[in-house]
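Working notes, structure below.
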Amino acid sequence: MINYTNEELLNGILRNDNVILQYIYKNFYYKVNFYVKKNSGNDEDASDIFQEAIIVIYRKLKASDLVLNNASFETYLYSVCKILWLKHLNKKKAERDMAFDNAGLSDEEYDYNLVEVADKNERYRLYQKHFQMLGSDCQKLLQLFFDKIPLRQISQMMGYKSEKYAKKRKFKCKEYLVTSIKQDLNYKKLIEDDT
C-alpha cells in the first residue's frame, strides 16, 4: 500500500488531486466517523465535518498559514474535525465547557484560529450557494471583478459596448447577489451568532 508523506498529502489537497483526496478519505474518514457518531452525530454529520475539515486545511494552505511541526497529517486532520464537530455541538447546545471536557480536547489542541476559519467557511458556503444561483453572465463578470481585472478589460472580454456599461452591470449583479444572501435564513442566523 502506498504511504504518502505529510507534504504529499498537503500538496494533493492544494492541487485538488483526486487520487490523494480518495486516499485521505479511505484512510482517515473511519476514525472521524467513529468520533462523530460516538459524540451524538450520524454518518451525514461525519461526512459534512470531514469535507469541511478538508476545506479548512485547503484554506490554511492557500493562506500559507499551516505548519504541522511534528504532528502527522492524520493527527492534524483529526483535531480539525474534532474542533469543527465541537463547534457544531456548541452551537446547538451553548455548553462549550462541558463539550470540551467530554471530548478530552486540551487547550494546546484547540486552535482558535481554526474556529475563525470555520466561521469564514460558513459565510463562504452561503456566498457560494447564492453566487451559483446568479446567471452565468453575472457570475463571469463578478469573478473577473473579484480577480481585480480592470473594468476596461472586463468590458472587452464580456463584449460590452463601454466601460460605463460594465460598471453598471457589475453594480446590478453585486446588488442582486447581496440582496439574495441577506434574504437567506442562514445569513440571519450568522448575523445573530455574531452579536
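Looking across segment 140-168, the residues that are assigned to a helix (DSSP H, G or I), free of Cβ contacts under 8 Å to residues at least 12 places away in the same chain and within 24 Å of S180 (Cα to Cα) come down to Q143, F146, Y165, K168. For E116, indicate whether it is in a loop (DSSP other than H, G, I, E, B), modelled with pLDDT under 85, in the same structural domain as D65 (by TED's automatic domain parsing) and closer than 18 Å to V56 by Cβ. It is false that E116 is in a loop (DSSP other than H, G, I, E, B), modelled with pLDDT under 85, in the same structural domain as D65 (by TED's automatic domain parsing) and closer than 18 Å to V56 by Cβ. Scanning segment 62-69 for any residue that is within 24 Å of E122 (Cβ to Cβ) and modelled with pLDDT of 90 or more turns up nothing. Say whether the condition of being surrounded by 18 or more Cβ atoms within 10 Å (Cβ to Cβ), part of a helix (DSSP H, G or I) and in the same structural domain as C81 (by TED's automatic domain parsing) is met by at least one residue in segment 61-70. Checking segment 61-70: not a single residue is surrounded by 18 or more Cβ atoms within 10 Å (Cβ to Cβ), part of a helix (DSSP H, G or I) and in the same structural domain as C81 (by TED's automatic domain parsing). Comparison of E7, E52 shows that the only residue that is surrounded by fewer than 18 Cβ atoms within 10 Å (Cβ to Cβ) and either acidic (D, E) or under 27 Å from N90 (Cα atoms) (or both) is E7.
The values are calculated or read from the model by the stated rules, or taken from the named source; none is laboratory data. For clarity, every value in this text was computed on a predicted model and none was experimentally measured. As a convention, Cβ positions derive from the backbone with ideal geometry for all residues, glycine included, and neighbour counts pool all protein chains shown.
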